[in-house]
Amino acid sequence: MKQMKFKNGTGALEITPPQIVGPFYPISERPDLAADLARPSGSTSDALGQLLYVRGQVLNRSGEPVSDARIDVWQANAAGKYRHPSDTNPAALDPNFRGFARLITDASGRYSFRTIKPGRYPTAEGDIRPPHIHFTVEGRFDRLVTQLYFAGEPENQTDRWLNAAPRPERLIVALQAPAPHFESHALVAHFDIVLASG
């Protein structure tokens, strides 16, 4: 099942709902440019957790692909811990997971990266945030900050940030079995992103 694209009354695609940057945008880490968060540059082993491929396309509201868009992705590790000095979660860091990468879309607006499914984690306010991946997407004229969530997570029902979004279902994707050329134990998330103008 692919993520649905919603159109407004004029037939244009609806912009992907924005989300907060959050407190854990990497400030001391350099982004990995290899599009492999599950085994960052210099690591000899994969990170702990469920292997995941995230793929999608960046489009403008007319449905045209946005090429050369810059995408920053960052996330917690499988235990729900960010590699960030402000993260007080007592969960352990994974030495094989830095959780920050920078991607560029191709001529068809497509992007792809390999990672692990992030864990849920407690907030300073006592809530539990569901597993999610942060995105900032910069096209030629537009910048969007958003988050990708996963279907079936109980905390999706109560997460204040997800449920504050217009049409929160647009940020939730179902995990799929991998194509034959991926590892058999991997899962795939398809997440298309619509910018206001590209």
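From Pro65, Pro18, Pro26, which residue is modelled with pLDDT of 95 or more, closer than 15 Å to Thr136 by Cα and not acidic (Asp, Glu)?
Values: Pro65 fails: closer than 15 Å to Thr136 by Cα; Pro26 fails: modelled with pLDDT of 95 or more.
Just a single option satisfies the conditions, and that option is Pro18.
Find the residue count for segment 154-172, including only residues that are open to solvent by less than 20 Å² (accessible area, probe 1.4 Å), in a loop (DSSP other than H, G, I, E, B) and free of Cβ contacts under 8 Å to residues at least 60 places away in the same chain.
Going residue by residue through segment 154-172, those that are open to solvent by less than 20 Å² (accessible area, probe 1.4 Å) are 156, 159, 162, 165, 170-171.
Imposing the further condition that a residue be in a loop (DSSP other than H, G, I, E, B) reduces the set to 159, 165.
The next check asks that each one be free of Cβ contacts under 8 Å to residues at least 60 places away in the same chain; those that pass are 159.
Residues that pass the stated criteria total 1.
Taking segment 32-48, which residues are of a type outside the set (A, V, I, L, M), surrounded by 16 or more Cβ atoms within 10 Å (Cβ to Cβ) and either touching a Lys or Arg at 6+ places or on another chain (Cβ under 8 Å) or closer than 26 Å to Leu171 by Cα (or both)? Walk me through how you get there before you give the answer.
Step one: of segment 32-48, the residues of a type outside the set (A, V, I, L, M) are 32, 36, 39-46.
The next check asks that each one be surrounded by 16 or more Cβ atoms within 10 Å (Cβ to Cβ); those that pass are 32, 36, 39-40, 43, 46.
The answer is Asp32, Asp36, Arg39, Pro40, Asp46.
Do you know which residues across segment 6-37 are free of Cβ contacts under 8 Å to residues at least 12 places away in the same chain and assigned to a strand (DSSP E or B)?
Within segment 6-37, Lys7 is the sole residue that qualifies.
So, in segment 173-198, exactly how many residues are in contact (Cβ under 8 Å) with a residue 24 or more places away in the chain, out of contact with any Leu (no Cβ under 7 Å at 6 or more places or on another chain) and open to solvent by 40 Å² or more (accessible area, probe 1.4 Å)?
3
Among the residues that make up segment 92-115, is at least one of them open to solvent by 60 Å² or more (accessible area, probe 1.4 Å) and among the hydroxyl-bearing types (Ser, Thr, Tyr)? Before you say what the answer is, go through the steps one by one.
Step one: filter segment 92-115 for residues open to solvent by 60 Å² or more (accessible area, probe 1.4 Å), giving 92-93, 95, 98, 102, 104, 106-107, 110.
Filter once more, so that each one left must be among the hydroxyl-bearing types (Ser, Thr, Tyr): none.
Checked segment 92-115: no residue is open to solvent by 60 Å² or more (accessible area, probe 1.4 Å) and among the hydroxyl-bearing types (Ser, Thr, Tyr).
Would you please name the residue that is nearest to Ala101 (Cα to Cα), looking only at residues in segment 38-78 that are of a type in the set (A, V, I, L, M, F, W, C) and free of Cβ contacts under 8 Å to residues at least 60 places away in the same chain? Break it down into steps so the answer makes sense when it comes.
So the first thing to find is which residues in segment 38-78 are of a type in the set (A, V, I, L, M, F, W, C), and the list is 38, 47-48, 51-52, 54, 58-59, 66, 69, 71, 73-74, 76, 78.
Next, only the ones that are free of Cβ contacts under 8 Å to residues at least 60 places away in the same chain stay: 76, 78.
Details: Ala76: 12, Ala78: 16 Å.
Here the answer is Ala76.
I'd like to know if segment 127-150 contains one or more residues that are of a type in the set (Gly, Ala, Ser) and free of Cβ contacts under 8 Å to residues at least 40 places away in the same chain. Quick ask: steps written out before the conclusion?
Filtering segment 127-150 for residues of a type in the set (Gly, Ala, Ser) gives 139.
Okay, now just the ones that are also free of Cβ contacts under 8 Å to residues at least 40 places away in the same chain, so none.
No, that holds for no residue.
In segment 120-153, which residue that is part of a strand (DSSP E or B) and hydroxyl-bearing (Ser, Thr, Tyr) is farthest from Arg102 (Cα to Cα)? Working first, answer last.
To start, the set of residues in segment 120-153 that are part of a strand (DSSP E or B) comprises 121-122, 128-129, 132-138, 143-150.
Retained after the next criterion (residues that are hydroxyl-bearing (Ser, Thr, Tyr)): 121, 136, 146, 149.
Numbers: Tyr121: 24, Thr136: 10, Thr146: 15, Tyr149: 19 Å.
Taking the candidates together, the pick is Tyr121.
The values are calculated or read from the model by the stated rules, or taken from the named source; none is laboratory data. The structure presented is a predicted model; accordingly, all values stated were derived computationally and were not measured. Positions of Cβ are generated from backbone atoms using ideal geometry, with glycine treated the same way; all protein chains shown enter the neighbour counts. Please note that ligands, DNA and RNA were not included when accessible areas were found on the heavy atoms of the full protein model with its side chains. Shrake-Rupley method; radii C 1.70, N 1.55, O 1.52, S 1.80 Å.
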